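The values are calculated or read from the model by the stated rules, or taken from the named source; none is laboratory data. Here the structure is a predicted model, which means the values were calculated and not measured. As a convention, Cβ positions derive from the backbone with ideal geometry for all residues, glycine included, and neighbour counts pool all protein chains shown. Just the protein is used for accessible areas: all its heavy atoms, side chains included, with ligands, DNA and RNA removed. Shrake-Rupley method; radii C 1.70, N 1.55, O 1.52, S 1.80 Å.
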Amino acid sequence: MADRIQLYFDEDAQRTGLVRALRARQFDVLTANEVGNVGIDDAEQLAFAVSQNRTVFTFNRGDFARLHAEYLRSGRNHIGIIVSDQVEIGVIIRRLLRLLDGMSAEDMRNWLEFLSNWR
């Protein structure tokens, strides 16, 4: 079986109910708050996720799309970025579970995925 995606929620995305729902389903989730990364910029958030071999989950489409392009352009690797619109938590959970069941950690490597694709 392919490796499961390990998630890192940046400061904006770390909704308690969402984290709890994913952990209840045995997904590995780490939040910016848990590791003391509140207040650091998005480049540092992504660098931290890379250092921990984790895919970033964020609501910050613009900055992370730019960072994704910068990483690819400069030949650096990241473990994946999932961007979501700020919709109801139930919608996010359903879409994220579909994505997590449909993609592996290897699939996410250097990939920017929009959660809205997983309706």
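On the stretch given as the range 82-93, residues that are exposed (fewer than 13 other Cβ atoms within 10 Å of the Cβ) and not in a loop (DSSP other than H, G, I, E, B) total 1. Looking across the range 101-119, the residues that are open to solvent by 60 Å² or more (accessible area, probe 1.4 Å), more than 24 Å from residue 17 (Cα to Cα) and part of a loop (DSSP other than H, G, I, E, B) come down to 109, 111. With respect to the stated conditions, residue 46 is farther than 17 Å from residue 3 by Cβ and crowded, with 18+ Cβ neighbours inside 10 Å. The residues of the range 28-81 that are free of Cβ contacts under 8 Å to residues at least 12 places away in the same chain and assigned to a helix (DSSP H, G or I), listed by number, are 44, 47, 51, 62, 66, 69, 70, 73, 74.
Among the residues making up the range 30-64, those that are of a type in the set (Gly, Ala, Ser) and at positive phi are 36, 39.
Of the listed requirements (1) in contact (Cβ under 8 Å) with a residue 24 or more places away in the chain; (2) loosely packed, with under 14 Cβ neighbours inside 10 Å, residue 23 misses just one: (1).
Annotation: of all residues in the range 5-49 being within 21 Å of residue 70 (Cβ to Cβ) and among the acidic types (Asp, Glu), the one that is modelled with the lowest pLDDT is 12.
If you check residue 98 against the conditions, is it of a type outside the set (A, V, I, L, M, F, W, C), free of Cβ contacts under 8 Å to residues at least 24 places away in the same chain, in a helix (DSSP H, G or I) and closer than 19 Å to residue 3 by Cβ?
Working: of a type outside the set (A, V, I, L, M, F, W, C): yes; free of Cβ contacts under 8 Å to residues at least 24 places away in the same chain: yes; in a helix (DSSP H, G or I): yes; closer than 19 Å to residue 3 by Cβ: yes.
Criteria met by residue 98.
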